[in-house]
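Below is one structure, written out as structure tokens, with a few remarks after it.
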Amino acid sequence: MKKMTKKKRLLAELCIYLALILLFAFAVPRLLIQRTVIDGSSMEPALHDGESVLVEKLSVRTGRMERFDIIVFSPEGTPNGRHYVKRIIGLPGETVQIAGGRILIDGQPLDESYGKSDGISYAGLAAEGIRLGEGEYFVLGDNREVSEDSRYPAVGKVRQEQICGRVLVRIWPLSVFGAVD
């Protein structure tokens, strides 16, 4: 009788371990964190083509995204669920305009020091100003001259539900492992 109890206990333990493995293998990446590979040079000098980053997803669910956070998102209509990696510039409720090569937030110049360009030559949709509604963000790549971002109709305003998460840390190559500015 005790042998059956041990077998049942062992089987129950194996089921628990299997459930935990499945939880970590499928649920954690889907709900908490994912790996993304940078494709292109639009985020240089912060991120480079081929680097891998970890993206945390909780800040999107809690609405705790801030100006200058680097996010991963999928604009509507992108083929095969292509992801973009850009920096949040404008927050919900703000008006973003690009004039004279500078970014204006609600008419005030934005102080920034991470971009690759000395100015923005193409204002696109932001030339006249873009008013962001609730849950909408304006994003730009750091390398403004090669970035397809909120200035372009294919991207435009990024809605919160399009955002996958916030870049947390660079994990590959190991020589540049660490936090991303």
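Every read-out reported here was derived from the displayed coordinates using simple, explicitly stated rules and does not represent laboratory data. Because the structure is a prediction, the values reported are computed rather than measured. A quick note on method: Cβ atoms are made from the backbone with ideal geometry, for glycine too, and the neighbour counts reach across all protein chains shown.
Label sites at ARG35 and ASP111, each approximated as a point 7 angstrom past Cα along Cα to Cβ, lie 3.9 nm apart. With the largest listed first and rounded to whole Å, the semi-axes of the equivalent ellipsoid of the chain from the Cα gyration tensor are 42, 18, 13. Once the Cβ-Cβ distance of SER175 and TYR17 is raised to the sixth power relative to R0 = 41 Å, the FRET efficiency obtained is 0.70.
What is the total of Lys pairs in the chain with C-alpha atoms under 25 Å apart, excluding same-chain pairs fewer than 8 positions apart? Final tally of qualifying lysine pairs is 5.
The fewest-to-most ranking of CYS164, CYS15 by surrounding Cβ atoms within 10 Å reads CYS15, CYS164. Neighbour counting of Cβ atoms within 10 Å sorts the residues GLU134, GLU94, fewest neighbours leading, into GLU134, GLU94.
Per residue, the chain reaches -5000 deg cm²/dmol at 222 nm when only DSSP H runs of four or more residues are counted, each adding -39500 (n - 2.57). Extending 7 Å from the Cα toward the beta-carbon at both PHE24 and LEU10 defines two label points whose distance is 2.3 nm.
Think of the chain as a dipole: +1 on every Lys or Arg Cβ, -1 on every Asp or Glu Cβ, centred on the Cα centre; then among PHE24, VAL146, ILE130, PHE24 lies furthest on the positive end. Once the Cα atoms are used to define both axes, helix 2-22 deviates from the longest principal axis of the chain by about 10 degrees.
Cβ crowding within 10 Å ranks GLU66, GLU136 as GLU66, GLU136, fewest other Cβ atoms first. Distance from the C-alpha centroid of region 125-181 to that of region 48-100: 3 Å, rounded to the whole angstrom.
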